[in-house]
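A.B. asks: There's a structure below that I have some questions on.
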Amino acid sequence: MRFLTAGESHGPQLTAIVEGLPSQLPLGAEDINPWLKKRQGGYGRGRRMVIETDTAELMSGVRMGRTTGAPVTLVIRNADHRNWTEVMDPAPGNEPRKKALTAARPGHADLPGGIKYGHKDLRDVLERASARETATRVAVGAIAHKLLSFFGVQSVGYVAGMAGVWSATPFDWNLKERVEESPVRMTDPQSEAEVIRRVDEAKATGNTLGGVIEARFKGLVPGLGSQMHWERKLDGRIAHMAMSVPAIKGVEIGTGFDNAMKPGSEVHDPIYWEEGRGYYRPSNRAGGLEAGMTNGEELVVRAALKPIATLMRPLPTVDVVTHQPADAARERSDTTAVPAASVILEAVVGIVLAQAYLEKFGGDTLDELVERVERYKERVLAY
C-alpha cells in the first residue's frame, strides 16, 4: 500500500491517492470523517478549526460501499479557499501577490525552503509545509485503521504530557473513552485542568506550547517487519513516518530513552510460555518491537512535539528581500496542537502497520487477507 498527497493550506482542496488496498474492504466517508473531526479538536486550537469542517469525498476506487482494488482517491475541500482565491490563483501575473511573506519565521520551513527552491515570496514554501497537509494523512490513516480492524487490531492516541504537566494516571485501555472525551486527550481530570489553565495563560501572552504524545496498538501479530534489511525494520519505518509530521522532533519505542541509562538486566523483557496463550512477556519496555519486528506485545510509540513556531509575539528574523532585520511574519495559528497531534500520530503509525500486514500476508481481496492472518495466528500459537 502506498499513498501520495497533494494540495496547499489555502488552496481549493487537499487530495490523497491510496494504491494497493484489497478489494471488498467496506469503506465510506463515515469511516474517515470522525478521524478528521478528532484531528480538528483539542483545547488550544485556532480560528482555522472554526472555519473548516473537514469531510472527505471518495472520488475513485470505491463502489457500492466497498473498495474495488483500484486506487482510492479522496478529496478534502478547503472552505477558507474562497478568501484566498486571488492569492492562490495559479495563473501568472498580479505580482507581488497579496499576503506575500518575506519575513522568514524561525522554526518554520520558510527560510531553508526559500533558499532551496529559489522563492522570495515565502508563501510558496509555507503553503505546502503547513500542518494542514496532515488532514490527508489522517484520512489515509483512517482507511488503514479500517483495514487493521479486520485483523483484530485496536489503537489509541493520547497526550502523555504537555505544557510542562505530565499525566498523573498511567494509560490503561479502560481509560480510552475518557481520553476520547478529554479536551486535551489526557487520562486524568487533575492534569487536564492544569494544562487548560496553562494553555489559557500562553494564549494571553502570545506564546505556544508543546508536549509528548503516545500511540498504542494491541492485537498485532508477531513478525511484522524484518531484521533482514535496514529499510524493512518496522521501528525505523515508524520513526520515519512519525518524524515526518510537522513539529515532531523526537520519537521513541516503548521506554527507549529511559532504557538508555539503565543496565540491561533492568531493560530487556523476559519471555514466558503458557498453554493456550503462547509466548508472552510480563513487561513491555521494548514497546512491542524487537530487532525491527513486532513481538506480539502492545506497540507503544511516543513522540515529542515542539511548541508551534508561529508566535503572536514574533521572534527577530531577516526580510529575505531587503536583508534587513524584521519581526517574523504572523500567520493565523494555534496556541497548541498537541491533542490533535496525538490523533495524527495514531493515524500515521496505523498506515505503517497496514502496509506491514499487506506485505506479509498479501492477497487481492479482504477475505484472502483475513484468512491468511487467522491461519498465521494459529501457527504462532502452536510454535
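The values are calculated or read from the model by the stated rules, or taken from the named source; none is laboratory data. In this text the structure is predicted, and so the values were computed from the model without any measurement. So basically every Cβ, Gly included, is an ideal-geometry build from the backbone, and we count neighbours across all protein chains shown. Accessible surface is based on the protein model in full, side chains and every heavy atom, while ligands, DNA and RNA are left aside. Shrake-Rupley method; radii C 1.70, N 1.55, O 1.52, S 1.80 Å.
A.B. asks: Given the condition surrounded by fewer than 17 Cβ atoms within 10 Å (Cβ to Cβ), closer than 30 Å to Gly362 by Cα and of a type outside the set (Lys, Arg), answer yes or no: does some residue in the range 48-57 qualify?
C.D. replies: yes
A.B. asks: Let me ask another. Quickly run through the range 63-78 and pick out the residues that are surrounded by 15 or more Cβ atoms within 10 Å (Cβ to Cβ) and closer than 18 Å to Thr5 by Cα.
C.D. replies: Pro71, Val72, Thr73, Leu74, Val75, Ile76, Arg77, Asn78
A.B. asks: Still on this structure, please answer the following. Condition first: open to solvent by 50 Å² or more (accessible area, probe 1.4 Å) and either touching a His at 6+ places or on another chain (Cβ under 8 Å) or in a helix (DSSP H, G or I) (or both). Now tell me which residues in the range 82-110 satisfy that.
C.D. replies: Of everything in the range 82-110, those that are open to solvent by 50 Å² or more (accessible area, probe 1.4 Å) and either touching a His at 6+ places or on another chain (Cβ under 8 Å) or in a helix (DSSP H, G or I) (or both) turn out to be Arg82, Asn83.
A.B. asks: Further question: Just name the residue that is surrounded by the fewest Cβ atoms within 10 Å (Cβ to Cβ) out of those in the range 192-214 that are in contact (Cβ under 8 Å) with a residue 24 or more places away in the chain and over 20 Å from Ala247 (Cβ atoms).
C.D. replies: Glu194
A.B. asks: Do you know which residues across the range 265-308 are in contact (Cβ under 8 Å) with a residue 40 or more places away in the chain, small (Gly, Ala, Ser) and touching a strand residue (DSSP E or B) at 6+ places or on another chain (Cβ under 9 Å)?
C.D. replies: Gly288, Ala291, Gly292, Gly296, Ala303, Ala304
A.B. asks: Any residue in the range 309-327 that is part of a loop (DSSP other than H, G, I, E, B) sitting within a Cβ distance under 8 Å of a residue that is surrounded by fewer than 16 Cβ atoms within 10 Å (Cβ to Cβ) and acidic (Asp, Glu)? List the pairs, counting only those 6 or more apart or interchain.
C.D. replies: The qualifying pairs are Pro314/Asp327; Leu315/Asp327.
A.B. asks: Can you say whether Glu177 is open to solvent by 10 Å² or more (accessible area, probe 1.4 Å), in contact with a Pro (Cβ under 8 Å, 6 or more places away or on another chain), without any contact (Cβ under 8 Å) to a residue 12 or more places away in the chain and of a type outside the set (Val, Ile, Thr), as far as the supplied structure shows?
C.D. replies: no
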